[in-house]
Each structure stands twice: as structure tokens, then as C-alpha cells.
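Colleague: Sharing a structure, written as C-alpha cells. Questions coming.
Laboratory data are not the source of any read-out in this text; all were calculated from the coordinates shown. As the structure is a computational prediction, the values presented were derived from the model and not from experiment. Backbone-built Cβ (ideal geometry, glycine too); neighbour counts: all protein chains shown.
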């Protein structure tokens, strides 16, 4: 067992650094989709998260519960719901988005948005509310005042992006159901692992899993260094 694991580990590093075309196609597809999903989700979640963090309204606890529940949305449920909208008979069927990268991005945005929104909201609540008042007093507009507030909690904001990116690049339900696992187009690292496992190619599947872990570790290391510099 340990021998097979070390063999897979060595194969994973070999695949990553030997410029294997198939592996880099999977890595590139996964990165592009996950990065696009995280950026779109952040554009939605940053303003909403800032507002939720600052606003005091009736039903706020209910909203918090709903958002916390969405953090644990099963990927297959999200994939199924989006599939119903994008299928030929669905409301968006005419756009023929099913089994495309765009479909995967839609599903992953739904997964990533609650993560960023919740973490940004909690971060803003911990920040000093006088930051916005001071910025406005000094002549900054509302947008720059809010950006100043987010700047004070930028380490936590970066962590929210990392958490969202890690969630979407490692999920499989949305990618499989909405992308169709099409080689060279919508096949990602996770769906590639599933395919290889189903074909009995366990060593190569394990190696791809290790490639994914190496990538996530690398991204985590970069963000860790960035957050520590930001916290100084």
C-alpha cells in the first residue's frame, strides 16, 4: 500500500514537471474555470458582504442562517438545479450553455459566492466602523470609503478568495453534471480523476489527485505569504 502511494506521488510530480500535454490541459481548464468563477463570485459577494456586515436590519439573523446553510450546499444539488435551467426544455435552454465551460462557471459561482460573502461580512463586522466615517470626512467618496474598510481586513478578504477558489477547483459534482467531462473542453482535474478511476487506472488517478493537492498547496502558500505581509 505504501509502495503504491509513493509510486503515485512520484508519478504525480513527474506528470506535473514533465509538461505532459494531457495533464496541463486538465490543469489549465481547471484553473481558468475556477479563477473565472472566483472573480465573478467576488464581484457579487464583496459589495453584498460589505453591506451585510455594516447594515442593521430586521431579519439579519435569518439571513446569516441562510448564508451559513449555503456554505454547505452539496455540489450535486447545485449541479442538478442549474442543469434544470440549462437543459433543452429549461428556461435558458435556448442559449445552449449545457456541457460548456460557461455552465460550469455558473454552478461554481453559486458555490463560491456564499463563502466570500459570509467571510467578508464577518470581517467587516470586526473592523472599526469609524474607518468609513473618517474616510468620508476626509473627502473620499463612498466607494473609496468602503474600499478603505476592506483594506483594513484585507488579510481575511484574501482568505475568503482562497477558500472560494479551493472549494470550486476541487469540486466534481458541478463540473461533471454541467460540463459533461468532454476531453479538451470541459474535462477538469477532478472529472479526469473520476474517469480514470472508473477505468481502473488507479495509479494515474492518484497521481492526478496529487497534482491537484500540489496546486492547492501552491496557491495556499502564495495567499499565506500575502496575508502575512498584509497583516504587518
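Colleague: Please determine, in degrees from 0 to 90 and to the nearest 10, the orientation of helix 189-198 with respect to the longest principal axis defined by the Cα atoms of the chain, where the helix direction is its Cα long axis.
Modeller: With both axes taken from Cα atoms, the answer is about 30 degrees.
Colleague: Right, here's the next one. For the chain, what is the mean residue ellipticity at 222 nm derived from helices alone (per DSSP H run of n ≥ 4: -39500 (n - 2.57); sum divided by total residues; nearest 500 deg cm²/dmol)? Could the numbers behind the result be given before it?
Modeller: Numbers: 11 runs with 181 residues, N = 232.
It comes out at -26000 deg cm²/dmol, rounded to the nearest 500.
Colleague: Continuing with this model, one more query. Using mean Cβ contacts within 10 Å as the protection proxy, how do 136-145, 178-187 order, highest first? Show your work: numbers first, answer last.
Modeller: Values: 136-145: 11.7, 178-187: 17.4.
Put in order of decreasing packing, that is 178-187, 136-145.
Colleague: Next question. Suppose R0 equals 35 Å. What FRET efficiency, 1/(1 + (r/R0)^6) with r the Cβ-Cβ distance, do residue 7 and residue 87 give to the nearest 0.05?
Modeller: On the way: r = 42 Å, r/R0 = 1.20.
In this case the efficiency is close to 0.25.
Colleague: Taking 22 Å as R0, compute the FRET efficiency from the Cβ-Cβ separation of residue 203 and residue 31 and round it to 0.05.
Modeller: Working: r = 24 Å, r/R0 = 1.08.
E(calc), rounded to 0.05, equals 0.40.
Colleague: Order these by the 10 Å Cβ neighbour count, fewest first: 27, 62, 168.
Modeller: Numbers: 27 22, 62 9, 168 29.
The most exposed by this proxy come first: 62, 27, 168.
Colleague: Here's something else I'd like to know. Describe numerically, in nm with one decimal, the distance between label points set 7 Å from Cα along Cα→Cβ at residue 40 and at residue 69.
Modeller: Result: 2.5 nm between the two label points.
Colleague: Would you mind checking the tilt of helix 75-86 against the longest principal axis of the Cα atoms of the chain, expressed as 0 to 90 degrees and rounded to 10?
Modeller: Result, in degrees: 90.
Colleague: Mind checking the angle between helix 154-169 and the chain's longest principal axis? C-alpha axes, 0 to 90 degrees, to the nearest 10.
Modeller: Relative to the chain, helix 154-169 is tipped by roughly 30 degrees.
Colleague: Quick one: if you stick a label point 7 Å off each Cα along the C-beta vector at residue 140 and residue 21, how many nm between them?
Modeller: 5.1
Colleague: Among 217, 73, what is the fewest-to-most ranking by other Cβ atoms within 10 Å?
Modeller: Numbers: 217 10, 73 14.
Ascending number of Cβ neighbours within 10 Å: 217, 73.
Colleague: Taking the beta-carbon count within 10 Å as an exposure proxy, list 111, 213, 98 from fewest neighbours to most.
Modeller: Numbers: 111 23, 213 13, 98 20.
Listing 111, 213, 98 from fewest to most nearby Cβ atoms yields 213, 98, 111.
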